[in-house]
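Please treat every number below as a calculation from the coordinates, not as lab data. Everything numeric in this text was worked out from a predicted model, so none of it was measured. Glycine gets a Cβ as well: all are built from the backbone with ideal geometry, and neighbour counts include every protein chain shown.
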Amino acid sequence: MKKVLILIFILILTLFMVFCTQKSTSIDIAGSTTVLPIVQAIAEIFMDLNPEINVSVRGGGSSIGIKSAIDETIDIGNSSREIKDNEIEILQEKNKELKKIAIAQDAITMIVHKSNKIKNLSIVQLKKIYSGKITNWKELGGNNKNIIVISRDVSSGSFEVFYEKALKNSKLLTNCMMLASNNAVAGTVSYTPGAIGYVGRGYANQKHNILSLENISPTTKNVLNKTYPLSRKLFIFTTEQNKKTVDMFINFVLSEKGQEIVEKQGYVKIVNN
Amino acid sequence: MKNFNEKVFKAITHIAALFTIACLGGIIITIFHEGFPILKYAGLIEFFGVEWHPTHFPADFGITALIIGSVVVTIGALLIAIPFGVGSAIYISEIAGNRTKEIIKPIIELLAGIPSVVYGLFGMAFLAPFLIKVFGIPNGLNALSASIILGVMVIPIISSMSEDALSSVPKSLREASLALGATKWETIIKVVLPAAKTGVMGSIILGFGRAIGETMVVIMVAGGAAQIPTSLFQPVRPMTAAVASEMGETVIGSPHFHALYGISVVLFIITFITNFITEFVFLKRRNK
């Protein structure tokens with residue numbers, strides 16, 4: 001008998017909790033891990049300002065962000081790349097439209113170990129390193145040390161942009177290390193003397209040497225005037241569902257205050273043109 | 001009323017058992033159904049080729065480097081885990097006094113309770129820089145560091161199961177051996193260990209299954225390069241790491257998607273065989 005009472009109690013509690021969460025309005029966000037820190041930080045401030053709205057942010061990767069936004073299982077999908085053709089096809093099949101909003105800019109930043117003397121690479125040299133045609137720092141005027149080439153996993157949006165803009169669609173060398181996150185790349189480069197890797201600008205710090213490309217360093221100015229070769233935009237996607245809270249959130253992201261947070265996270269603000 | 005309760009309970013356990021079997025069946029059907037279409041794109045010879053460039057155009061889906069990556073780190077892990085695991089089992093079961101036993105046993109079993117992501121973090125943040133500093137190797141995330149971390153993870157499995165096997169060897173065997181004038185060492189090596197052989201072997205095979213199926217640690221520590229390693233200090237990309245880190249962004253129904261399921265099929269067959277062997281070994285012991 002006692003057990004039955006406990007069961008009933010638990011049931012009531014669950015129902016109660018379910019109703020509670022449904023009452024407050026919520027915004028569900030998922031997608032790219034590069035965009036995650038920005039949206040997470042903005043969501044926290046947004047929730048402080050609007051306590052009645054609950055914003056939940058998850059990772060998952062750019063494709064999952066876009067796919068879930070199309071399926072409307074979430075309200076906003078994050079992506080560190082543009083929408084792909086096959087995703088547009090799915091959209092057309094379902095007769096839906098997806099709104100693309102650029103919320104920040106990022107520079108894919110090349111980092112090497114502190115002890116490395118190299119300060120600058122050309123895009124051609126970069127391509128040769130990542131396709132295995134240059135294997136020693138000596139060939140670039142550095143110390144006689146084998147190059148440890150580090151890349152992000154093929155599933156990351158950063159890889160896709162790097163593959164297109166730096167590797168120019170040539171084949172990645174087979175002994176290139178593929179790491180799962182920006183943090184893993186940044187950490188490994190910081191303690192591996194021969195290493196080179198690429199990360200989102202927010203992840204490069206004093207523990208690495210930051211390389212300039214074609215003598216252009218990844219500064220805010222060079223990203224804004226589009227001279228840095230590996231710059232890219234970060235996006236959020238949403239379907240037109242006329243949800244007031246979602247519009248509120250997007251406006252907040254694009255507001256001065258939201259863009260301040262973007263810069264605080266190490267990224268570059270978006271310029272509307 | 002009592003009879004009714006009895007029947008309800010029986011039905012619940014019945015459903016629980018059937019549910020597990022249904023899950024297994026579902027998993028098998030899914031991975032084989034999604035895995036076989038890769039042969040349409042790649043063919044058997046290409047699928048077991050060397051080059052793995054799944055997102056390149058044209059793509060290469062050769063998984064041999066991935067299989068070798070898995071095998072290398074697993075064997076490395078066992079080479080580390082077997083001496084420590086079986087050694088600690090012998091110490092706990094045969095040599096340690098009751099009090100030490102009660103302290104050491106739970107501590108070793110505690111190792112099994114640590115989440116694998118914590119092991120991975122430890123490998124990335126501590127072991128890899130440590131290996132670079134001490135041995136002067138160029139790269140800290142490699143087959144060796146993955147083997148070490150996996151080995152430590154497998155120790156508690158081998159240790160606690162071997163210890164159970166050693167403890168269940170009848171006391172009379174030890175007494176007989178000692179009475180014949182054998183030393184304690186000789187008794188352990190020549191009498192107790194052979195008597196517990198099947199249990200110890202079973203623990204090693206289970207440890208093998210754990211090491212080859214582990215995902216988080218190899219994603220974080222093995223380095224992720226899809227190459228056939230020529231030394232232990234080179235990065236590798238085990239099968240589980242490839243599936244887990246690439247599945248997130250593949251388009252459902254694409255060749256890459258089916259290739260990852262194809263890897264799952266290979267992995268499933270390997271673990272199925274090891275489980276089958278374990279079961280076989282244990283059945284043999286029970287029938288004795």
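Dipole magnitude for segment B:147-288: computed about the Cα centre from +1 point charges on Lys and Arg Cβ and -1 point charges on Asp and Glu Cβ, it is near 680 debye. Hey, if you put +1 on the Cβ of every Lys and Arg and -1 on every Asp and Glu Cβ in the protein assembly as shown, which of B:Gly223, B:Leu144, A:Met110 ends up farthest toward the positive end of that dipole? Value: B:Leu144. In summary, the helical segments of chain B meeting the span-like criteria, namely a full DSSP H run, a Cα extent along the axis of 15 angstrom or more and a mean Kyte-Doolittle hydropathy of at least -0.5, are B:2-35, B:64-90, B:98-113, B:143-167, B:197-213, B:255-287.
Across segment B:14-85 the C-alpha pair distances fall into 10 Å bins from zero in the proportions 16, 26, 26, 25, 6, 0 percent.
Please arrange A:Ile148, B:Ile95 by counting, for each residue, the other beta carbons lying within 10 Å of its beta carbon, fewest first. Mind dumping the intermediate values first?
Working: A:Ile148 25, B:Ile95 12.
Least crowded to most crowded, the residues run B:Ile95, A:Ile148.
The charge dipole of segment A:109-224, taken about the Cα centre with unit charges on the Cβ atoms of Lys, Arg (+1) and Asp, Glu (-1), comes to about 300 debye, rounded to the nearest 20. In this simple spin-label model, placing a label point 7 Å from the Cα along the Cα-to-Cβ direction at both A:Ile12 and A:Ser212 gives a separation of 7.1 nm.
Using only alpha-carbon positions, what ratio does the radius of gyration of segment B:115-214 give when scaled by 2.2 N^0.38 Å? Walk me through the intermediate numbers first.
Details: Rg = 18.9 Å, N = 100, 2.2 N^0.38 = 12.7 Å.
Its radius of gyration relative to the 2.2 N^0.38 Å reference: 1.50.
Calculate the translational D of chain A in whole µm² s⁻¹ from Stokes-Einstein, where the hydrodynamic radius comes from the Kirkwood formula applied to all Cα pairs, the temperature is 4 °C and the viscosity 1.567 mPa s.
Numbers: Rh = 20.5 Å.
In µm²/s, the coefficient is 63.
Projecting the Cα positions of A:Ala186, A:Asn143, A:Ile42 onto the charge dipole of chain A (unit charges on Cβ atoms of Lys, Arg, Asp and Glu, taken about the Cα centre) puts A:Asn143 furthest along the positive direction.
Among A:Ser56, A:Ser68, A:Ser79, sorting on how many other beta-carbon atoms sit within 10 Å of each Cβ, with the fewest leading, yields A:Ser56, A:Ser68, A:Ser79.
Remark on A:Asn143: its backbone amide H falls under 5 Å from those of A:Lys117, a criterion applied only to residues 5 or more positions apart or on other chains, H modelled at 1.01 Å from N.
Counting beta carbons within 10 Å around each of A:Met47, A:Met110 and listing the fewest first gives the order A:Met47, A:Met110.
Given 20 °C and 1.002 mPa s, how large is the Stokes-Einstein diffusion coefficient of segment B:204-288 in µm²/s, with Rh as the Kirkwood radius over Cα pairs? Mind showing how you got there, number by number?
Working: Rh = 14.7 Å.
Rounded, D is 146 µm²/s.
Comparing B:Arg174, B:Arg237, B:Arg99, which has the greatest mean-square fluctuation in the GNM of chain B with Cα pairs linked when under 10 Å apart? Among B:Arg174, B:Arg237, B:Arg99, the largest mean-square fluctuation in the Gaussian network model of chain B belongs to B:Arg99. When +1 charges are put on Lys and Arg Cβ atoms and -1 charges on Asp and Glu Cβ atoms, the dipole computed for the protein assembly as shown relative to its Cα centre reaches about 1180 debye.
The coefficient of translational diffusion for the protein assembly as shown, derived via Stokes-Einstein from the alpha carbon Kirkwood radius under 25 °C and 0.890 mPa s, stands at 91 µm²/s. The residue list B:Ile158, B:Ala242, B:Phe48 was ranked by how far each Cα lies along the charge dipole of chain B toward its positive end, using unit charges on Cβ atoms, and B:Ile158 comes out on top.
Can you give the alpha-carbon Rg of segment B:147-288 over 2.2 N^0.38 Å, where N counts its residues?
Numbers: Rg = 20.6 Å, N = 142, 2.2 N^0.38 = 14.5 Å.
In units of the globular-protein estimate, segment B:147-288 measures up at 1.43.
Once Rg and the Kirkwood radius are both taken over the C-alpha atoms of segment A:109-224, their ratio Rg/Rh works out to 0.92. The distance separating the Cα centre of segment B:228-266 from that of segment A:110-144 comes to 28 Å. When the square roots of the Cα gyration tensor eigenvalues are ordered a ≥ b ≥ c, the ratio a/c for segment B:1-157 is 1.5 or more and a/b does not exceed b/c, which makes its shape oblate. Expressed as a whole percent, the proportion of Cα-Cα pairs in chain B lying more than 30 Å apart is 46%.
All C-alpha pair distances within segment A:159-218, sorted into 5 Å bins from zero, spread as 4, 15, 25, 27, 21, 7, 0 percent across the bins. Across segment B:113-153, the convex hull enclosing all Cα atoms gives 58 Å³ per residue.
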